[in-house]
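Here is the structure we will look at, set down as structure tokens.
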Amino acid sequence: MASLEEEITNAGGALKLLRQGRSGAYPFPIQPEFTNWRDEQEAWRTSAALMDLSHHMTDLIVQGPDTYRLLERLGANSFKGFGTDSAKQLITVRPDGYMIGDCILFGIADHHVRIVGRPPALNWVEFNAETGDWDVEVRKDLRTVQNPKGRELFRLQLQGPHAAAIFEKVNGGPMPDIPFFHMGRFKIGNHEVRALNHRMSGFPGYEFTGPYAEFEAVRDTIVEAGASFGLRLIGSRAYASVATESGWIANTLPATYTGDDMKAFRQWMPARSFEGNLALGGSLVADDIEDYYLTPWDLGYGHVIKYDHDYIGREGLAARKDEPHKRKAWVLWDRDDVARIVASYYNPGAERFKYLEMPAAFYTACQFDRVEKDGSLVGAAMLTIYSANVRGWISLGSIAPEAAVGDQVDIVWGEPDGGSPNPAVERHTQTRVRGTVIDRPYPQGH
């Protein structure tokens with residue numbers, strides 16, 4: 001079986017491989033809309049939203065005496081206090097400090113974790129577990145599109161201002177006190193679930209799991225209990241936009257395509273892996289794949305980086321910590337420029353501008369659109385959506401400090417030269433959109 005390293009060589013380099021556009025946007029294999037995506041978006045801020053996370057993320061299960069030692073070796077953030085019924089975001093970097101990926105660790109039992117998220121960080125953990133001298137066992141519960149056996153667990157998330165009242169109703173009494181980013185158990189009707197206290201939409205709620213065979217019964221119980229609270233089921237169209245509102249840059253490029261110190265990983269990875277099929281697009285066209293690599297600071301993770309243990313990338317991060325860094329920021333699009341793009345759909349041929357899919361306008365798995373200030377590149381917009389909560393278009397990305405909150409910037413929208421080899425991209429003309437750098441999509445506490 002061909003390796004990722006061979007696939008990169010045969011394509012003439014990683015940049016050419018990823019620009020071929022073999023994959024589209026990351027799939028969320030659930031019903032597109034249960035009612036309509038506008039009201040579904042507003043539900044996580046005005047009432048309650050039930051999201052089905054059972055299908056689009058892979059679980060990597062790691063068990064054995066060396067489980068925590070392995071994760072400490074790979075994680076750039078601290079593991080102090082981590083154990084059974086706790087959770088943490090795992091930040092993985094390569095030796096020079098560039099991001100491989102992030103995911104969520106769930107402490108299931110002593111030396112037993114489920115790691116959930118996009119494949120890059122999970123693949124990195126699996127590679128190190130299998131090729132290193134670690135007393136662990138690993139196995140995967142693959143995302144639905146790759147899993148003919150079906151999922152082991154359902155994963156649901158209930159968020160919004162009325163979520164607490166709905167939880168108390170389905171539990172049949174007061175909820176247990178579950179600290180933030182810890183797990184606890186409660187009842188949903190006749191079924192016990194294990195829940196993580198965290199926020200995806202910016203409002204309190206829980207992400208909870210149980211055997212997949214109980215999925216329909218649990219979901220239906222919540223839907224019935226939430227009817228009087230305005231609960232809405234969230235389809236894939238609205239769900240695709242929630243990361244942008246909540247501030248998670250979900251589509252980073254894993255920094256695994258170059259470097260002799262990552263060659264063993266590329267030789268271990270199959271050519272038809274997530275990394276091998278990943279599509280790179282957007283108006284930011286660089287000459288080197290490493291121009292798309294990002295550090296934890298660029299993604300808003302600088303505050304969680306720790307130097308209290310030995311891990312891959314520690315020295316690289318320490319060498320970079322005093323450098324100027326980009327940071328996570330939003331850009332609010334100018335409404336007149338949006339109207340101009342939509343009006344161009346009437347134009348013949350390639351005189352139209354790149355189509356703005358609503359609500360999530362990303363058309364490839366890894367998208368970088370140029371953000372410029374006074375004609376100079378200051379960053380990239382990576383996730384662009386229309387938000388019914390904002391009543392406007394916003395982009396989330398990584399932006400240099402010289403573009404401060406309140407500054408006017410331009411986003412270059414569309415591919416250069418009329419399009420790209422990606423079949424998901426129609427022929428079009430590139431354009432510019434005025435925007436304002438904002439601190440968050442809506443005022444804190446609203």
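The values are calculated or read from the model by the stated rules, or taken from the named source; none is laboratory data. Note that the structure is predicted; figures quoted are calculated from it, not measured. Note that each Cβ is placed from the backbone with ideal geometry, even for glycine, and that neighbours are counted across all protein chains shown. Side chains are part of the model used for accessible areas, which takes the heavy atoms of the whole protein and leaves out ligands, DNA and RNA. Shrake-Rupley method; radii C 1.70, N 1.55, O 1.52, S 1.80 Å.
What residue, among those in the stretch 154-180 that are open to solvent by 40 Å² or more (accessible area, probe 1.4 Å) and in contact (Cβ under 8 Å) with a residue 40 or more places away in the chain, is farthest from Ser47 (Cα to Cα)? Steps first, please.
Here is the first cut: in the stretch 154-180, the ones open to solvent by 40 Å² or more (accessible area, probe 1.4 Å) are 161-162, 164-165, 168-169, 172, 174-177, 179-180.
Keeping just the survivors that are in contact (Cβ under 8 Å) with a residue 40 or more places away in the chain gives 161-162, 164-165, 169.
Values: Pro161: 6, His162: 5, Ala164: 11, Ala165: 11, Lys169: 15 Å.
The residue in question is Lys169.
Condition first: over 21 Å from Trp248 (Cα atoms) and crowded, with 20+ Cβ neighbours inside 10 Å. Now tell me which residues in the stretch 423-446 satisfy that. Walk me through how you get there before you give the answer.
Start the filter on the stretch 423-446 by keeping residues that are over 21 Å from Trp248 (Cα atoms), which leaves 423-434.
Val425, His428, Val433, listed by residue number.
Name the residues in the stretch 141-151 that are among the charged types (D, E, K, R) and open to solvent by less than 70 Å² (accessible area, probe 1.4 Å), would you?
Result: Asp141, Arg143, Arg151.
If the requirement is being of a type outside the set (D, E, K, R), part of a helix (DSSP H, G or I) and either under 23 Å from Gln89 (Cα atoms) or free of Cβ contacts under 8 Å to residues at least 60 places away in the same chain (or both), which of these qualifies: Ala213, Ala250?
Just a single option satisfies the conditions, and that option is Ala213.
Could you tell me whether any residue of the stretch 331-339 is assigned to a helix (DSSP H, G or I), among the hydrophobic types (A, V, I, L, M, F, W, C) and out of contact with any helix residue (DSSP H, G or I) (no Cβ under 7 Å at 6 or more places or on another chain)?
Yes, that holds for at least one residue.
Can you confirm whether Ala243 is among the aliphatic types (A, V, I, L, M) and either in a helix (DSSP H, G or I) or over 23 Å from Ile178 (Cα atoms) (or both)?
yes
Select from the stretch 405-422 the residues that are closer than 22 Å to Leu332 by Cα and in a loop (DSSP other than H, G, I, E, B) and write down the one among them that is most open to solvent (accessible area, probe 1.4 Å).
Val405
Tell me which residues, restricted to the stretch 310-319, are touching a Gly at 6+ places or on another chain (Cβ under 7 Å) and either surrounded by 20 or more Cβ atoms within 10 Å (Cβ to Cβ) or assigned to a loop (DSSP other than H, G, I, E, B) (or both).
Correct list: Tyr311, Gly313, Leu317.
Just checking, how many residues over the stretch 269-286 are at pLDDT below 95, closer than 15 Å to Trp124 by Cβ, of a type in the set (A, V, I, L, M, F, W, C) and assigned to a loop (DSSP other than H, G, I, E, B)?
Of the residues in the stretch 269-286, 1 are at pLDDT below 95, closer than 15 Å to Trp124 by Cβ, of a type in the set (A, V, I, L, M, F, W, C) and assigned to a loop (DSSP other than H, G, I, E, B).
Determine if the stretch 382-402 includes at least one residue that is closer than 26 Å to Asn36 by Cβ, at pLDDT 95 or above and among the charged types (D, E, K, R).
Yes, that holds for at least one residue.
Can you tell me which residue among Val242, Val218 is at pLDDT below 95 and β-branched (Val, Ile, Thr)?
Being at pLDDT below 95 and β-branched (Val, Ile, Thr) holds for just one of Val242, Val218, which is Val242.
Would you point out which residue out of Glu207, Glu192, Glu245 is charged (D, E, K, R), at negative phi and open to solvent by 60 Å² or more (accessible area, probe 1.4 Å)?
Working: Glu207 fails: open to solvent by 60 Å² or more (accessible area, probe 1.4 Å); Glu245 fails: open to solvent by 60 Å² or more (accessible area, probe 1.4 Å).
Sole residue among the options that is charged (D, E, K, R), at negative phi and open to solvent by 60 Å² or more (accessible area, probe 1.4 Å): Glu192.
Since Asn347 meets every condition but one in (1) open to solvent by less than 70 Å² (accessible area, probe 1.4 Å); (2) over 27 Å from Val242 (Cα atoms); (3) in contact (Cβ under 8 Å) with a residue 40 or more places away in the chain; (4) of a type outside the set (Phe, Trp, Tyr), which condition does it not meet?
(3)
How many residues does the stretch 139-175 hold that are under 30 Å from Val125 (Cβ atoms) and either among the polar types (S, T, N, Q) or not in a strand (DSSP E or B) (or both)?
Number of matching residues: 13.
Residue pairs, Cβ under 6 Å, 6 or more apart or interchain, first in the stretch 1-19 and free of Cβ contacts under 8 Å to residues at least 60 places away in the same chain, second open to solvent by less than 40 Å² (accessible area, probe 1.4 Å) and part of a helix (DSSP H, G or I). List them.
The qualifying pairs are Ala11/Leu17.
Could you run through the stretch 340-365 and say how many residues are assigned to a strand (DSSP E or B) and out of contact with any His (no Cβ under 9 Å at 6 or more places or on another chain)?
Residues meeting the conditions: 1.
I'm checking my understanding of the structure. Among residues of the stretch 296-309 that are open to solvent by 10 Å² or more (accessible area, probe 1.4 Å) and touching a residue at least 40 places away in the same chain (Cβ under 8 Å), which one is farthest from Thr258 (Cα to Cα)?
Filtering the stretch 296-309 for residues that are open to solvent by 10 Å² or more (accessible area, probe 1.4 Å) and touching a residue at least 40 places away in the same chain (Cβ under 8 Å), the one farthest from Thr258 (Cα to Cα) comes out as Asp308.
Any chance you could count how many residues in the stretch 226-240 are part of a helix (DSSP H, G or I) and within 21 Å of Ser54 (Cα to Cα)? Before the answer, list the steps.
First, the residues of the stretch 226-240 that are part of a helix (DSSP H, G or I): 226-229, 236-240.
Among the residues that remain, those that are also within 21 Å of Ser54 (Cα to Cα) are: 226, 236-240.
Residues in the stretch 226-240 being part of a helix (DSSP H, G or I) and within 21 Å of Ser54 (Cα to Cα): 6 in total.
Show me the strands (runs of 3 or more DSSP E) entirely contained within the stretch 85-125 in which 1 or more residues are polar (S, T, N, Q), more than 19 Å from Leu142 (Cα to Cα) and open to solvent by 10 Å² or more (accessible area, probe 1.4 Å).
Numbers: elements: 87-93, 99-109, 112-117.
Of the strands (runs of 3 or more DSSP E) lying wholly inside the stretch 85-125, those with at least 1 residues that are polar (S, T, N, Q), more than 19 Å from Leu142 (Cα to Cα) and open to solvent by 10 Å² or more (accessible area, probe 1.4 Å) span 87-93.
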